[in-house]
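Colleague: Next up is a structure, given as structure tokens.
The values are calculated or read from the model by the stated rules, or taken from the named source; none is laboratory data. Because the structure is a prediction, the values reported are computed rather than measured. Cβ: placed from backbone, ideal geometry, glycine included. Neighbour counts: every protein chain shown. SASA here: full protein model, heavy atoms, side chains in, ligands and nucleic acids out. Shrake-Rupley method; radii C 1.70, N 1.55, O 1.52, S 1.80 Å.
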Amino acid sequence: MCGIWALFGSDECLSVQCLSAMKIAHRGPDAFRFENVNGFTNCCFGFHRLAVVDQLYGMQPIRVKKFPYLWLCYNGEIYNFKQLQKQFGFEYQTLVDGEVILHLYNRGGIEQTASMLDGVFAFILLDTANRKVFLARDTYGVRPLFKVLTDDGFLGVCSEAKGLINLKHSTSLCPKVEPFLPGHYEVLDLKPSGKVASVELVKFHSYKDEPLHAACDTVETLPSGSFDLETVKSNIRILFENAVRKRLMTHRRIGCLLSGGLDSSLVAAVLLKLMKEININYPLQTFAIGMENSPDLLAARKVAAHIGSEHHEVIFNSEEGIQAIEEVIFSLETYDITTIRASIGMYLVSKYIRKKTDSVVIFSGEGSDELTQGYIYFHKAPSPEEAAEESERLLKELYLFDVLRADRTTAAHGLELRVPFLDHRFTSYYLSLPAELRIPKNGVEKYLLRQSFEDSNLLPKEILWRPKEAFSDGIASVKKSWFSILQDYIDQQVDDHLLEKAAEKYPFNPPKTKESYYYRQIFEKHYSGQSNWLPHYWMPRWVKATDPSARTLKHYKSATQE
């Protein structure tokens, strides 16, 4: 996890512009470099480093003797760089996994490069010999990327939008900053003036398709075409374990977020098992957050005891949660209601990890709810086919919601997040299964995933089959939910008449509740006029919901009241 920033064709003094690069310093607390491009005085790269691999040669932009005309700034991890080296005979100059991007590009161009990378990434690649700039982002947008491109060819690129919004440019008072689409690469021509012109934007991978890099994966071809339940369950276990194993690539200490729910518990259990297998000589630290005696804390405690991790509990009160709201919204760059609610706990636990431990590479369970139909409203899906379509829509929009939350809350504290549920091979296999296999069964969501690990003894049965909790209930004290605490506080902060006029003040995505109005005010304070970053609020489907919380859904209420 790092922070990348680059400008091409700046009309303003670069020493002034580079102050914007410091807005993302939290993403790379270990080192910083600012470098001009030879022959293009108005083009430059900025890089904030979190040293996870190759402590000696990991600074960026990466340049190697073999390709002196290539400049690479990237944020991410390429898990198959050694397999690609073996397959194509690449001669690496460093131990940095991202160096493979230069070799792949030299061998087969940008399309093959993006398609062959097994990992998470956002990168800027400059080819001065052919006068080209390339931008690319991984399939699910696990690593963030924003860009601004003006009509006269000034290009700014950054890991977070906050590094671009204050850039100065002669022809535009407020250039339009927008997220770069996941699963795409863009080709731009670099003019002698340092300005650029976009040539094409190409989608290089669809999450339903088996990725091109599967051909050189450590797991060979699995039995396909057969949807026999035992074969399916075995394949799910093999691919998930492989997803966790490849993510062990690091020189820094590994930790794991653990809520005691199915997803984080599975990740923690498999992670610890594999760490023992490869003789990692320190205990796995697991981290849970909640209010005193919250359901998540109690469940996580059970899991930690079962798997044998070094467990940490972070207890917060309502005042601490409320005080963090503005910092969280600034970090997130969104005003989405459920994203903000769920981010507060993750932000506070990340703060604890950074201050109190030496864990830096943090595993988490993001992506499972979207992939395996874990949200409670999936019980209301009219048909397995519609449930499958909804699952795909959620995956496509992950970069706007859960993946955004997971990246920003951890990156704000200089941590690197790893999400095995979003492994390309695992997700493409799961999505290839018949729709009726993937739906909730017997009133239980993620039934197939739970069933696949039933005989593994990785988790206690009550955790493996623990129903989905609304996040606001999971971290809350038994007396009062986080959802209710927020409503009570915000009710005092926003007058009724302000809410009545909300659609006039905020015509795009107008707030419908006091809570959404409160979040929007804070967002506009930091990111005025940028409401288009969120195309719509996250809301459940197939139910008449006015709030995104699972606790407002009938199925959830009946389950929690039993």
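Colleague: Which is touching a Ser or Thr at 6+ places or on another chain (Cβ under 6 Å) and touching a residue at least 24 places away in the same chain (Cβ under 8 Å), of A381, A342, A387, A412?
Modeller: When all the criteria are applied, what remains is A412.
Yes/no per residue for (1) buried (at least 23 other Cβ atoms within 10 Å of the Cβ); (2) modelled with pLDDT under 95; (3) touching a helix residue (DSSP H, G or I) at 6+ places or on another chain (Cβ under 8 Å); (4) in a loop (DSSP other than H, G, I, E, B):
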residue: Y352; (1), (2), (3), (4): no, no, no, no
residue: K355; (1), (2), (3), (4): no, no, no, no
residue: G374; (1), (2), (3), (4): no, no, yes, yes
residue: A406; (1), (2), (3), (4): yes, no, yes, no
residue: T410; (1), (2), (3), (4): yes, no, yes, no
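Colleague: Oh, and also: Just checking, how many residues over segment 376-399 are outside any helix (DSSP H, G or I) and touching a Pro at 6+ places or on another chain (Cβ under 9 Å)?
Modeller: 2
Colleague: Tell me yes or no: at least one residue of segment 332-345 is touching a strand residue (DSSP E or B) at 6+ places or on another chain (Cβ under 6 Å) and assigned by the TED database to the domain that holds N242.
Modeller: Yes, because at least one residue in segment 332-345 is touching a strand residue (DSSP E or B) at 6+ places or on another chain (Cβ under 6 Å) and assigned by the TED database to the domain that holds N242.
Colleague: If a residue has to be in a loop (DSSP other than H, G, I, E, B), modelled with pLDDT of 90 or more, surrounded by fewer than 15 Cβ atoms within 10 Å (Cβ to Cβ) and of a type in the set (G, A, S) to count, how many in segment 193-252 make the cut?
Modeller: Adding up the residues that qualify gives 1.
Colleague: Of the residues in segment 264-288, how many are under 25 Å from the mean Cα position of the chain (by Cα) and either open to solvent by less than 20 Å² (accessible area, probe 1.4 Å) or of a type in the set (S, T, Y) (or both)?
Modeller: Summing the residues that are under 25 Å from the mean Cα position of the chain (by Cα) and either open to solvent by less than 20 Å² (accessible area, probe 1.4 Å) or of a type in the set (S, T, Y) (or both) in segment 264-288 gives 16.
Colleague: Take the conditions on the phi > 0 side of the Ramachandran plot, assigned by the TED database to the domain that holds T128, in contact (Cβ under 8 Å) with a residue 60 or more places away in the chain and not β-branched (V, I, T) and apply them to G153. Does it pass?
Modeller: Values: on the phi > 0 side of the Ramachandran plot: yes; assigned by the TED database to the domain that holds T128: yes; in contact (Cβ under 8 Å) with a residue 60 or more places away in the chain: yes; not β-branched (V, I, T): yes.
Yes, satisfied.
Colleague: Continuing with this model, one more query. Mind listing just one residue for me: the one in segment 35-54 that is within 15 Å of S159 (Cβ to Cβ) and of a type outside the set (A, V, I, L, M) and, of those, modelled with the lowest pLDDT?
Modeller: Here the answer is R49.
Colleague: Right, another one. Provide a single number: the residues in segment 298-326 that are in contact (Cβ under 8 Å) with a residue 60 or more places away in the chain and open to solvent by 50 Å² or more (accessible area, probe 1.4 Å).
Modeller: Of the residues in segment 298-326, 3 are in contact (Cβ under 8 Å) with a residue 60 or more places away in the chain and open to solvent by 50 Å² or more (accessible area, probe 1.4 Å).
Colleague: Looking only at segment 178-192, how many residues end up being open to solvent by less than 30 Å² (accessible area, probe 1.4 Å) and either assigned to a loop (DSSP other than H, G, I, E, B) or not assigned by the TED database to the domain that holds Q112 (or both)?
Modeller: Residues that pass the stated criteria total 3.
Colleague: Let me ask something additional. With the requirement that a residue be part of a helix (DSSP H, G or I) and in contact (Cβ under 8 Å) with a residue 12 or more places away in the chain, what does segment 497-520 give you?
Modeller: Once the filter is applied, which keeps residues that are part of a helix (DSSP H, G or I) and in contact (Cβ under 8 Å) with a residue 12 or more places away in the chain, segment 497-520 yields L498, L499, A502, K514, E515, S516, Y517, Y518, Y519, R520.
Colleague: Taking interchain pairs and intrachain pairs at least six residues apart, which have beta carbon atoms under 8 angstrom, with the first residue in segment 1-30 and at positive phi and the second part of a loop (DSSP other than H, G, I, E, B) and hydroxyl-bearing (S, T, Y)?
Modeller: What qualifies is G9/S193.
Colleague: Consider only pairs whose beta carbons are under 6 Å apart and that are at least six residues apart or on different chains; among these, list those whose first residue lies in segment 50-76 and is outside the structural domain of F146 (by the TED database) and whose second residue is open to solvent by 10 Å² or more (accessible area, probe 1.4 Å) and modelled with pLDDT of 80 or more.
Modeller: none
Colleague: Still on this structure, I have one more. Scan segment 175-190 and tell me whether some residue there is out of contact with any strand residue (DSSP E or B) (no Cβ under 8 Å at 6 or more places or on another chain) and farther than 14 Å from A136 by Cβ. Give the steps one after another, and end with the answer.
Modeller: Step one: list which residues in segment 175-190 are out of contact with any strand residue (DSSP E or B) (no Cβ under 8 Å at 6 or more places or on another chain), which gives none.
Scanning segment 175-190 turns up no residue that is out of contact with any strand residue (DSSP E or B) (no Cβ under 8 Å at 6 or more places or on another chain) and farther than 14 Å from A136 by Cβ.
Colleague: Examine segment 97-104 for a residue that is assigned by the TED database to the domain that holds T139, part of a loop (DSSP other than H, G, I, E, B) and of a type outside the set (D, E), and state whether such a residue exists.
Modeller: Scanning segment 97-104, I find at least one residue that is assigned by the TED database to the domain that holds T139, part of a loop (DSSP other than H, G, I, E, B) and of a type outside the set (D, E), so the answer is yes.
Colleague: Does any residue of segment 55-64 turn out to be assigned to a helix (DSSP H, G or I) and modelled with pLDDT of 90 or more?
Modeller: The answer is no, given that none of the residues of segment 55-64 is assigned to a helix (DSSP H, G or I) and modelled with pLDDT of 90 or more.
Colleague: Scan segment 12-32 residue by residue and report those that are at pLDDT 85 or above and open to solvent by 70 Å² or more (accessible area, probe 1.4 Å).
Modeller: M22, K23
Okay, residues lined up against (1) among the small types (G, A, S); (2) free of Cβ contacts under 8 Å to residues at least 60 places away in the same chain:
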| position | (1), (2) |
| --- | --- |
| S193 | yes, no |
| V202 | no, no |
| L212 | no, no |
| V232 | no, no |
| L248 | no, yes |
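Colleague: On to the next question. Restricting attention to segment 137-177, and to residues there that are among the hydrophobic types (A, V, I, L, M, F, W, C) and closer than 24 Å to L422 by Cα, which single residue is surrounded by the most Cβ atoms within 10 Å (Cβ to Cβ)?
Modeller: C158
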